[in-house]
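> Take this structure, written in structure tokens, and hold onto it; I'll ask about it next.
The values are calculated or read from the model by the stated rules, or taken from the named source; none is laboratory data. The shown structure was predicted, so the numbers you read here are calculated from the model rather than taken from an experiment. Note that we place each Cβ from the backbone using ideal geometry, even for glycine, and neighbour counts take in every protein chain shown. We work out accessible area using only protein heavy atoms, side chains counted, and drop any ligands, DNA or RNA first. Shrake-Rupley method; radii C 1.70, N 1.55, O 1.52, S 1.80 Å.
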Amino acid sequence: MDWNITETNQLTPQDIDRQGNKLLIGNGYIGYRGTLEEFNKEQKTATIVSGLYDKVGNQWREPVNLPNGCFVQIIYKGESLHALTSKVISHAQSVDMQSAVHMRETLFETSDGNCITIRSRRFASLARHHLLCMEYSISVDHECEVDIHTGIDGDVWDINGPHFVEMETYERDNVISVSAITHENAVRVVVSEAVLFPVENETRTTSFRDFDKVPIQSTLTFYKFISHVTGIDSTDPVKASRELCKESALLGFDSLLAEHTALWSQRWEACDIQITGDEEAQQALRFSMYHLLSIVPAHTERASIPARGMSGQMYKGAIFWDTEIFMLPFFTHAFPSLARNLLLYRYHTLDGARRKAHEYGFRGAFYAWESQDTGDDACTLFNVTDVFTNRPMRTYFRDKQVHISADVVYAFWQYFSLTGDASIWRDGGTEVVFECARFFLSYIYYNPDKHRYEILDVTGPDEYHERVHNNAYTNRMAANTLEVCRKVVTYLQQNSPEFFEELITTLDFESDLAFINDVVSNLYLPDSNPTDGLIPQFDDYFTLENLPLKSLVERKLHPHEYFGGGSGLATTTQIIKQADVVLMLYLFGEQHSLETKSVNWEYYEPRTEHGSSLSACSYSLIAAQIGKVDWAYKYFMKTATIDLSGKGKQYVGTLYIGGTHPAGNGGAWMSAVFGLCGIRCINDTISINPHLPAHWEQVSIPFMLHGQKLKITLTHEIISVKPLSPLEIPLTISVGESIYPLHATGEIKIQIN
Ligand code: IFM
């Protein structure tokens, strides 16, 4: 199967936007959009580094787009060769997912009939996370001279910029550096470049080099080594950045590429799922993993994955619940240390969550709906613009999506129970769990008439119905938070009593613990109605207008009008934005019968708009469990192709909101592994109940549980599980009613049909 994702289209502005996202390269520190070297801010070039945000005036705080070191413009007899304005005979642009290298090949015909081909390769080094490397070559049909203009382009695309208040250029030892400081926090940002060029006729203007009248007989190749360092990473970013360039130029492109490729091979070995019989699904799933691997911060536990990855400033570069619920499973079962980094980001932003709880008059930790570097909430109270009045519309994402704190706790417990890594509790996890539990204790109400605790005035995952009471998802997740808190307490009392006692005292948590015991058994959990098995998404949901989605869409007066908010069309109806009850049924699968799952899937599916990229995977997961394999496949492909097809919403009014969809990418992995392959882990047991599409001949999955590496291979007839190294912890495999112990080194094969 081909590992290349290739685009050969004529470049329209829409293609350029889409390819910028789709053909992104990254190493978790740098994300570089899949644009061409001659492009500039008009074509949305962007170099985003993780964890760096800036705010200008009253505008949204957003990631900083760094000066673009990949810029190159070729000029032939005064004619700039540009993919948008020159005569292009052929153009191909691709990403090799195996080695995470972006490539382009464009054949230009000049006005005097010379054919000039530009080829480039670039990668964000996985071995040196501040470094981008590029090889650029020019091939000609007829011997000629060209002018080459290259350098660091500081005139960058911003949504809410400009973010630099000072920009200076230095040159020493043939390394050019652009240094600037950010507007809000005066963080120094430095981009430097070294160029290995075959001839020495360079002149310089500011941050650009000009190589004039360069003779080319057939092909000329040069290399750029571009480093990106900020004052957050280094006390002397100018020096660090320059040294990295010099060192890289000495090592050379090929050896840097070799070390980068070797690391990517290791990554693929740990996670590549191979599907025989379905090239389209294979490509989509690999592509989803490629994107997750390109943006996961391996270098730090102080950053996480934003909802639009590292594809730009969209969605304020903010981290949502997307990471904990939709991306973490992939990392937990393939790269537990990266999952750990993502979780600890929540520990490092706990103070921001404490501040938010305090701001709203609650105790404990209320995590930011849109979290950046400090954990303070970047979500505004008016997060959507009304297309009719062009006025900001009051939304309650920030104030009422309290499930965020429960999502974080859910993820911590999942990580612990699937990896066995108890160090997470001492390294901050316990504090996160205690503070989130405390938040819910202060948020709940006791209803004396009904003798139960309730959670009022919240917004669940379905953002079209704000400020509802007893959202089934939120109540279940809040109860889980309290249950996890109790389990962590028990674990620590048994395993780290001194640490536990100290923490209880430091956090003054004794009385909260006593309260938790009472609440856990008396918190109202909306359950299935005995007559029809339906679970109300929230109080009185079933009294809302019941109409087909199509009819609601027909009521629209504007193509981009928002269905939610104060007077949105969906708010008085049963049409929901995204999986809500169905997601809950997946996350708490053991507590619900297949019958309940089936009845609720059938009810909510036609009422779900899938207005969020988070929705499809839940419908795929439950469809697989209830035997609707065709639907499970359909929704799997929907989530797995979201960034391949680039069909997601690109603009709201004039605001660009496109970008990659890492939650959709993580959802693809979940739908394939937990849904279609039917893998589910409970303690040390892997239960496997495959629902493979008829045309899938075989699937093999590298899979980690409790630190043990396995290869699970499924066909329609046989399930095989093979330890990839001697097992240190006994594991069991459960298929149907039977349990099979997995032996230290041996593969087990189980006939299923
Ligand atoms: O977190 C999601 C939310 O559930 C729906 N709107 C988009 C957010 C970011 O993906």
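> Do the conditions hold for GLU435, that is, is it under 23 Å from THR349 (Cα atoms) and either surrounded by fewer than 21 Cβ atoms within 10 Å (Cβ to Cβ) or within 14 Å of the ligand (Cβ to nearest atom) (or both)?
The answer is no for GLU435.
> I'd like to verify a number: residues in the stretch 1-33 that are among the polar types (S, T, N, Q) and open to solvent by less than 30 Å² (accessible area, probe 1.4 Å), how many?
Number satisfying all stated conditions: 3.
Residues are listed down the side, and each one gets a yes or a no for (1) open to solvent by 10 Å² or more (accessible area, probe 1.4 Å); (2) touching a residue at least 40 places away in the same chain (Cβ under 8 Å); (3) in contact with a Pro (Cβ under 9 Å, 6 or more places away or on another chain):
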| site | (1), (2), (3) |
| --- | --- |
| GLN574 | no, no, no |
| PRO606 | yes, yes, yes |
| LEU614 | yes, yes, yes |
| GLY627 | yes, yes, no |
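Each row is one residue, and each column tells you yes or no for (1) closer than 30 Å to TRP264 by Cβ; (2) over 31 Å from the mean Cα position of the chain (by Cα); (3) open to solvent by less than 20 Å² (accessible area, probe 1.4 Å).
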site: HIS129; (1), (2), (3): yes, no, no
site: VAL146; (1), (2), (3): no, yes, yes
site: THR150; (1), (2), (3): yes, yes, yes
site: ARG188; (1), (2), (3): no, no, no
site: PHE197; (1), (2), (3): yes, yes, no
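> I've got another one for you. Only residues that are open to solvent by less than 50 Å² (accessible area, probe 1.4 Å) and farther than 14 Å from LEU196 by Cα: list them for the stretch 222-243, please.
Matches in the stretch 222-243: SER227, HIS228, VAL229, THR230, GLY231, SER234, PRO237, VAL238, ALA240, SER241, ARG242.
Rundown of residues vs (1) at pLDDT below 95; (2) over 24 Å from MET310 (Cα atoms), yes/no style:
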position: SER94; (1), (2): no, no
position: GLU109; (1), (2): no, yes
position: ARG122; (1), (2): no, no
position: LEU126; (1), (2): no, no
position: LEU131; (1), (2): no, no
position: VAL165; (1), (2): yes, no
position: ILE181; (1), (2): no, no
position: SER192; (1), (2): no, no
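> Since ARG607 meets every condition but one in (1) more than 16 Å from the ligand (Cβ to nearest atom); (2) of a type outside the set (Phe, Trp, Tyr); (3) over 30 Å from ALA694 (Cβ atoms), which condition does it not meet?
(3)
> Pick from the stretch 616-625 the residues that are among the hydrophobic types (A, V, I, L, M, F, W, C) and within 16 Å of the ligand (Cβ to nearest atom): which of them is surrounded by the fewest Cβ atoms within 10 Å (Cβ to Cβ)?
Checking each candidate, the answer is ALA616.
> Something else about it: Has the stretch 487-496 got at least one residue that is closer than 28 Å to ASN600 by Cβ, surrounded by fewer than 23 Cβ atoms within 10 Å (Cβ to Cβ) and modelled with pLDDT of 95 or more?
Scanning the stretch 487-496 turns up at least one residue that is closer than 28 Å to ASN600 by Cβ, surrounded by fewer than 23 Cβ atoms within 10 Å (Cβ to Cβ) and modelled with pLDDT of 95 or more.
> Is it true that some residue in the stretch 284-292 is aliphatic (A, V, I, L, M) and closer than 25 Å to LEU66 by Cα?
Yes - at least one qualifying residue is present in the stretch 284-292.
> Now a separate question. Kindly indicate whether any position in the stretch 382-391 is buried (at least 21 other Cβ atoms within 10 Å of the Cβ) and outside any loop (DSSP other than H, G, I, E, B).
Taking every residue of the stretch 382-391 in turn, none turns out to be buried (at least 21 other Cβ atoms within 10 Å of the Cβ) and outside any loop (DSSP other than H, G, I, E, B).
> Show me the helices (runs of 4 or more DSSP H) entirely contained within the stretch 502-588 in which 1 or more residues are in contact with a Phe, Trp or Tyr (Cβ under 6 Å, 6 or more places away or on another chain) and more than 16 Å from the ligand (Cβ to nearest atom).
510-522
> Do we have GLU483 as of a type outside the set (Phe, Trp, Tyr), modelled with pLDDT under 95 and within 33 Å of the chain's Cα centre (by Cα) here?
So GLU483 does not fit the description; no.
> Out of TYR415, TYR453, I need the residue that is away from the ligand (no atom under 16 Å from the Cβ) and not in a helix (DSSP H, G or I). Which one?
Selected residue: TYR453, the only one of TYR415, TYR453 that is away from the ligand (no atom under 16 Å from the Cβ) and not in a helix (DSSP H, G or I).
> Moving on to the next point. Within the stretch 295-346, can you find the residues that are within 16 Å of the ligand (Cβ to nearest atom), assigned to a loop (DSSP other than H, G, I, E, B), aromatic (Phe, Trp, Tyr) and open to solvent by 10 Å² or more (accessible area, probe 1.4 Å)?
PHE320
> Within the stretch 41-91, how many residues are among the hydrophobic types (A, V, I, L, M, F, W, C), out of contact with any helix residue (DSSP H, G or I) (no Cβ under 8 Å at 6 or more places or on another chain) and open to solvent by less than 10 Å² (accessible area, probe 1.4 Å)?
8
> Still on this model: So THR419 clears everything in (1) out of contact with any Phe, Trp or Tyr (no Cβ under 6 Å at 6 or more places or on another chain); (2) more than 26 Å from GLN591 (Cα to Cα); (3) of a type in the set (Val, Ile, Thr) except one condition, right? Which one?
Going through the list (1) out of contact with any Phe, Trp or Tyr (no Cβ under 6 Å at 6 or more places or on another chain); (2) more than 26 Å from GLN591 (Cα to Cα); (3) of a type in the set (Val, Ile, Thr), THR419 breaks only (2).
> Right, next: Within the stretch 57-65, can one find any residue that is in a strand (DSSP E or B) and of a type in the set (A, V, I, L, M)?
Yes, there is a match, as at least one residue in the stretch 57-65 is in a strand (DSSP E or B) and of a type in the set (A, V, I, L, M).
> Test VAL402 against the criterion of being within 14 Å of the ligand (Cβ to nearest atom), buried (at least 24 other Cβ atoms within 10 Å of the Cβ), more than 18 Å from ALA303 (Cα to Cα) and aliphatic (A, V, I, L, M), and give yes or no.
yes
> Next up: So which residues in the stretch 707-725 are out of contact with any Cys (no Cβ under 7 Å at 6 or more places or on another chain) and open to solvent by less than 20 Å² (accessible area, probe 1.4 Å)?
GLN708, LEU710, ILE712, ILE719, SER720, VAL721, PRO723
> Take GLU728 and decide whether it is open to solvent by 50 Å² or more (accessible area, probe 1.4 Å) and modelled with pLDDT of 95 or more.
So GLU728 fails the test.
> Condition test on SER598, is it over 16 Å from GLY533 (Cα atoms) and either more than 16 Å from the ligand (Cβ to nearest atom) or outside any loop (DSSP other than H, G, I, E, B) (or both)?
Considered against the rule, which asks whether it is over 16 Å from GLY533 (Cα atoms) and either more than 16 Å from the ligand (Cβ to nearest atom) or outside any loop (DSSP other than H, G, I, E, B) (or both), SER598 comes out as no.
> Could you tell me whether any residue of the stretch 689-696 is touching a Ser or Thr at 6+ places or on another chain (Cβ under 8 Å) and part of a strand (DSSP E or B)?
No: zero hits.
Per-residue answers, yes or no, for (1) farther than 21 Å from GLN274 by Cα; (2) not β-branched (Val, Ile, Thr):
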residue: ALA694; (1), (2): no, yes
residue: GLY707; (1), (2): yes, yes
residue: ILE729; (1), (2): yes, no
residue: THR732; (1), (2): yes, no
residue: GLU737; (1), (2): yes, yes
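> Now for a separate question. Just to be sure, is HIS291 within 16 Å of the ligand (Cβ to nearest atom), open to solvent by less than 10 Å² (accessible area, probe 1.4 Å) and closer than 29 Å to HIS695 by Cα?
For HIS291, the condition - within 16 Å of the ligand (Cβ to nearest atom), open to solvent by less than 10 Å² (accessible area, probe 1.4 Å) and closer than 29 Å to HIS695 by Cα - is met.
> Please find, within the stretch 651-709, the residue that is farthest from the ligand (Cβ to nearest atom) out of those that are over 20 Å from GLY420 (Cα atoms) and of a type in the set (Ser, Thr, Tyr).
Selected residue: SER700.
> Related question: Where residues in the stretch 629-639 are away from the ligand (no atom under 16 Å from the Cβ) and open to solvent by 20 Å² or more (accessible area, probe 1.4 Å), which of them is nearest to ALA307 (Cα to Cα)?
MET637
> For LEU456, only one of the following conditions fails: (1) without any contact (Cβ under 8 Å) to a residue 60 or more places away in the chain; (2) under 30 Å from LYS709 (Cβ atoms). What is its number?
Here LEU456 meets the rest and fails (2).
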